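Reviewing the structure listed below.
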Amino acid sequence: MSQEEVSDDPTTSDDGDVGTGTDTGTGTAVDTHVAVDLDDPGAVDLDDPSLYLNRELSELAFQRRVLHEALDERNPLVERAKFLAIVTRNMDEFFMKRVGGLKQQMDAGVTELTPDGRTPDEQWDAILEASRALFSRQADCYADVRAALAAEGVRIVDWDDLSAGEQADLADYFEQSVLPTLTPLTFDPAHPFPFISNLSLSLAVLTSDGSDVKFSRVKIPRNRPRLVPLGDDARYVRLEHVIEANLDRLFPNVEVVDTSLFRVTRNAEVRRNEEVAEGLIDRIEDVLRQRRFATVVRLEVSADTPDRVRDLLVEQLGVSEREVFTLDGLLDYTALFSLADLGRSELTLEPWSPQVHPRFAGVDPEDPDELFAEIREKDVLVHHPYHSFSTTVQSFLDAAASDPDVLAIKAAIYRTASDSKVIESLIEAAKNGKQVAVMVELKARFDEENNLRWVKRLEEEGIHVAYGTIGLKTHSKTALVVREEDDGVQLYSHVATGNYHSETAKTYTDLGLLTTDRDIGQDLVKLFNFFTGHSLHESYRKLLVAPENMRREFTRLVRREADHARQGKEAKVVVKMNSLEDPEMVEELYRASMAGVDIDLVVRGICRLRPGLAGVSETIDVSSIVGRFLEHSRVFYFANDGDPEYYIGSADWMTRNLDRRVEAVTPVEDPDLREELQFVLDAAREDNRKRWAMAADGSYEQVRPAEGEPVRSSHQRLMERARAAVPDDHPTSVIQAHGGAKRESSVDFTDVFTDDS
């Protein structure tokens, strides 16, 4: 797929709605009418690079869909501003991880081609070009959103727009609250070029004492509000403008010749050889240290940056001209997250409070027996953020920690909140005499430091902690409670698609199964023994576990549907996941489509597969949903000639998930829970508000209601369904009836829409 251009300008229709968004990308010339001998499907060369989309450019296509949420005038203004900030957060991570990894490959002389036939250099070139267009569009969108906010009385003003009195007040604020935090670093023969930390926003200051002109770097402090409020009005001035206007106090007795902004992104793909003898904790701490000084992969400069400053930064930071992005607008839009606290309900989405699960609505939270009896009676399917994390998963762990009949608790932690109640529950369980074993993945990128802190805390409490597995990341979302009951030892299992993270559970859509199924419990016993001991199991009773049997079983399930289609039987595959990247699974889906299997894929982000290729993928539809919640759940459906099978779990169909990570996927067998999963899948496939349909060339078009058709948003439908399921006499229903005045807690949007790496 060659460079894709964004052409998704919203246009206003007669009824005031925004027109269809399109993300148009022309790939490497693709013949959508591939000649296929249907009597000999093997005649199609499924290794042909033209049948596969590029992973990195597919990721950028997703980021354009995220940006469309800021462009879409149907969205409330604060929501649009929030998505501008999300794009910055996502693209920062993309450059640190993906572009950083490509730079390493280029430096190492790697020339191996991707499935779509590109070298690392070719991918790098295409990424930089596509990113430049995306950043330009983000800046244009910010100008529009800023003007629209101003029309609503929310103004982000420039220094020159302020009155003399306001400027004086801000000068006092600068003197008292900002100046003490600043450290000017000057570059001259006596001082080396200053170290520029990753993602820090900096002022490049040129000063003169009448002879020489010198460069200094002033870091914009992260512990001061980027948007400084002005009095009681909803007016703000950017912190960098306050600093610029008062630099005479930081550089007295010299002339400030020029100021401009710049920002540096460093490679996060710093790795250590896991075979060395030192401990894993030491290696992770070393990775964190190295990441601070890693290679620069992007330099952003404001449009008014003088050539002499730009040239100096390029030389000293060791970047090429291609890696310099000259930008209008803000260099870092994450400051706009703070607008969520405006208190202007008409500018935001209707607040959402996760609901109590109807199965737990009558359970006494102080009585563990009631909760365990409910799970033992019948499996429970929880769906976040529609169901409250605190009254489902957290209650399950709290009950296990306090229940005198619980013998042991085991949990696999990939990411968790910095003030994790999950961890606190495990610690409490250990204090109460239970056997507690915790698998904490120290290699969860960007959460290494947080997880290290929890590992040390857990070990201080005498809890058995495993840090990871050589050569693998542990990405499974599983917990096991062992309980002594009248009829013997019972195993209570939790297998989920999302992390044990109370904050992301408010913004990520995730599913989890609570069950006493003995086979699933015994499978988890095997899995946790693998984490903490020296064992390797190739067979499991019900779970699909990577890297052991998952790829094999998913391949078998897809091929079974193809066999049924060839025999004229009912054959259908529906998969909802974050990413479809693995070339082998794409090939299996192509073969199934060629056999006549109806395939529906709801893939939030990366998708290598091209749908709608005549004779290859004619029966495959691909769509993506981008809205107020991050689509994170993984659901797998196989029709199986009228005897359908449903699965949920932690794994996407990516090579890393199937081959290089420990993942767990569980069948869902209860008919009522299958019905719930079917509703989730149907809601996604019927969405005509936030769903994007993918074309064979990799482009996306946002689906809109036909004339006279009602608007169907999957997120809205699932919220309404969750609210309706709460008993009328439950306190939550009273809260919702009064406008949701009491919320579980405010949603932190700063961690949404990022890849679960």
Subset of region 140-155, residues of a type in the set (A, V, I, L, M) and open to solvent by less than 10 Å² (accessible area, probe 1.4 Å), comes to V145, L149, V154
Pairs returned, first residue in region 549-566 that is farther than 14 Å from V597 by Cα, second residue that is among the β-branched types (V, I, T), beta-carbon separation under 7 angstrom, 6 or more apart or interchain, are M550/V665
With criteria (1) in contact (Cβ under 8 Å) with a residue 12 or more places away in the chain; (2) within 26 Å of T516 (Cα to Cα); (3) out of contact with any helix residue (DSSP H, G or I) (no Cβ under 9 Å at 6 or more places or on another chain), P667 comes up short on (3)
Across region 48-74, the tally of residues that are surrounded by fewer than 23 Cβ atoms within 10 Å (Cβ to Cβ) and in a loop (DSSP other than H, G, I, E, B) stands at 4
Only one of P252, P225 is open to solvent by 10 Å² or more (accessible area, probe 1.4 Å), under 26 Å from L170 (Cβ atoms) and under 40 Å from the mean Cα position of the chain (by Cα), namely P225
Q: Return a yes/no flag: does region 359-366 have any residue that is open to solvent by less than 60 Å² (accessible area, probe 1.4 Å) and within 16 Å of L480 (Cβ to Cβ).
A: no
Of the residues in region 609-635, those that are in a strand (DSSP E or B), open to solvent by less than 10 Å² (accessible area, probe 1.4 Å) and in contact with a Leu (Cβ under 8 Å, 6 or more places away or on another chain) come to L609, I620, V622, S623, V635
Practice problem: State whether one or more residues within region 378-399 are surrounded by fewer than 19 Cβ atoms within 10 Å (Cβ to Cβ) and more than 30 Å from V440 (Cβ to Cβ). | Solution: yes
Flagged pairs (Cβ under 8 angstrom, 6 or more apart or on separate chains; first in region 140-155, on the phi > 0 side of the Ramachandran plot; second open to solvent by less than 80 Å² (accessible area, probe 1.4 Å)) are G153/A234
Among residues of region 662-692 being open to solvent by less than 10 Å² (accessible area, probe 1.4 Å) and among the charged types (D, E, K, R), the residue farthest from the chain's Cα centre (by Cα) is D687
Among residues of region 478-505 being at pLDDT below 95, of a type outside the set (G, A, S) and under 26 Å from the mean Cα position of the chain (by Cα), the residue most open to solvent (accessible area, probe 1.4 Å) is E503
Within region 558-572, the residues that are outside any helix (DSSP H, G or I) and either out of contact with any His (no Cβ under 7 Å at 6 or more places or on another chain) or open to solvent by 20 Å² or more (accessible area, probe 1.4 Å) (or both) are Q567, G568, K569, E570, K572
Residue count, region 334-351, condition among the hydrophobic types (A, V, I, L, M, F, W, C) and either in a loop (DSSP other than H, G, I, E, B) or farther than 20 Å from E503 by Cα (or both), comes to 3
Exercise. Taking the condition open to solvent by less than 50 Å² (accessible area, probe 1.4 Å) and under 30 Å from E581 (Cβ atoms), does R132 pass?
Worked result: no
For region 456-466, check the following and say yes or no: at least one residue is surrounded by 23 or more Cβ atoms within 10 Å (Cβ to Cβ) and in contact with a Phe, Trp or Tyr (Cβ under 7 Å, 6 or more places away or on another chain). no
When restricted to V264, V324, the only residue hydrophobic (A, V, I, L, M, F, W, C), within 25 Å of the chain's Cα centre (by Cα) and modelled with pLDDT of 95 or more is V264
Next on the checklist: Can you say whether D405 is open to solvent by 10 Å² or more (accessible area, probe 1.4 Å) and farther than 24 Å from V525 by Cβ, as far as the supplied structure shows?
Outcome noted: no
For region 340-357, pairs from a residue that is under 19 Å from G627 (Cα atoms) to a residue that is open to solvent by less than 50 Å² (accessible area, probe 1.4 Å) and part of a strand (DSSP E or B), with Cβ under 8 Å and 6 or more apart or across chains, are P354/H384; P354/H387
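Quick grid of which residues meet (1) in contact with a Pro (Cβ under 6 Å, 6 or more places away or on another chain); (2) among the polar types (S, T, N, Q); (3) closer than 19 Å to F636 by Cβ; (4) at pLDDT below 95:
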{"position": "E676", "(1), (2), (3), (4)": "no, no, yes, no"}
{"position": "L681", "(1), (2), (3), (4)": "no, no, yes, no"}
{"position": "Y700", "(1), (2), (3), (4)": "no, no, no, no"}
{"position": "R712", "(1), (2), (3), (4)": "no, no, no, no"}
{"position": "A722", "(1), (2), (3), (4)": "no, no, no, no"}
{"position": "A725", "(1), (2), (3), (4)": "yes, no, no, yes"}
{"position": "P731", "(1), (2), (3), (4)": "no, no, no, yes"}
{"position": "I735", "(1), (2), (3), (4)": "no, no, no, yes"}
{"position": "G740", "(1), (2), (3), (4)": "yes, no, no, yes"}
Whether any residue in region 573-593 is in a loop (DSSP other than H, G, I, E, B), in contact with a helix residue (DSSP H, G or I) (Cβ under 7 Å, 6 or more places away or on another chain) and open to solvent by less than 40 Å² (accessible area, probe 1.4 Å) is what I want to check. yes
Requested in this report: Take R291 and decide whether it is in contact with a strand residue (DSSP E or B) (Cβ under 9 Å, 6 or more places away or on another chain), modelled with pLDDT of 90 or more, surrounded by 13 or more Cβ atoms within 10 Å (Cβ to Cβ) and under 28 Å from F195 (Cβ atoms).
Outcome: no
Contact list, first residue from region 528-543 and within 18 Å of A496 (Cα to Cα), second anywhere and assigned to a loop (DSSP other than H, G, I, E, B) and at pLDDT 75 or above, beta-carbon distance below 8 Å, six or more apart or interchain, is Y540/E548; Y540/N549; K542/D517
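The values are calculated or read from the model by the stated rules, or taken from the named source; none is laboratory data. For clarity, every value in this text was computed on a predicted model and none was experimentally measured. So basically every Cβ, Gly included, is an ideal-geometry build from the backbone, and we count neighbours across all protein chains shown. Areas reflect the complete protein model, heavy atoms only, side chains present, ligands, DNA and RNA absent. Shrake-Rupley method; radii C 1.70, N 1.55, O 1.52, S 1.80 Å.
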